[in-house]
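Here is the structure we will look at.
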Amino acid sequence: MSTHVASIGSAEFDKEVVKSDKLVVVDFWAEWCGPCKMIAPLLDEIAREMPDKVKIVKINIEQESDVAQKFGISSIPTLLFFKGGVVREQLVGTAPKKVLVDKISSYA
């Protein structure tokens, strides 16, 4: 796990995501998910390169199924973009780094 991307659970969700004063990208993933492993390094790079614009957190759907159910996560990876405690956008599957950076920049 990266020092730039935190793994959180339902106990930290409100503090880390809902009450954050910056854009938060929540990565819903699982250990066995190949595409999740493909997008993880991109998210780590973005978190390292854009710490002033975005906070990226990961939620393992197998360990935190209550959070996944709350947001209707049925496919992974799913990225939810939270701004002001509200989901502003959802991205299912992988995406090129440029697409992710452009989406994040649009909320800055």
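Its alpha carbons give the chain an Rg and a Dmax of 12.4, 33 Å. 3J(HN,Hα) along region 55-68, derived from phi through the Karplus expression 6.51 cos²θ - 1.76 cosθ + 1.60 where θ = phi - 60°, amounts to 10, 10, 10, 10, 10, 7, 5, 7, 8, 10, 4, 5, 5, 4 Hz, with x in place of Gly and Pro. From the Kirkwood radius over Cα pairs of region 1-63, Stokes-Einstein at 25 °C and 0.890 mPa s returns a whole-number translational diffusion coefficient of 205 µm²/s. Expressed as a whole percent, the accessible surface of region 28-108 that belongs to carbon and sulfur atoms is 53, based on a 1.4 Å probe. Evaluating 6.51 cos²θ - 1.76 cosθ + 1.60 at θ = phi - 60° for every residue in region 16-32, the Karplus couplings come out as 7, 10, 5, 8, 5, 8, 10, 4, 10, 9, 9, 9, 8, 8, 8, 4, 7 Hz, glycine and proline recorded as x.
Return one whole number: the accessible area per residue of the chain in Å², for a 1.4 Å probe.
52 Å²
Of all DSSP beta bridges confined to region 11-108, the antiparallel ones make up roughly 60%.
The values are calculated or read from the model by the stated rules, or taken from the named source; none is laboratory data. All values derive from a computational prediction rather than experimental measurement. The area values use the complete protein model at the heavy-atom level, side chains included, leaving out ligands, DNA and RNA. Shrake-Rupley method; radii C 1.70, N 1.55, O 1.52, S 1.80 Å.
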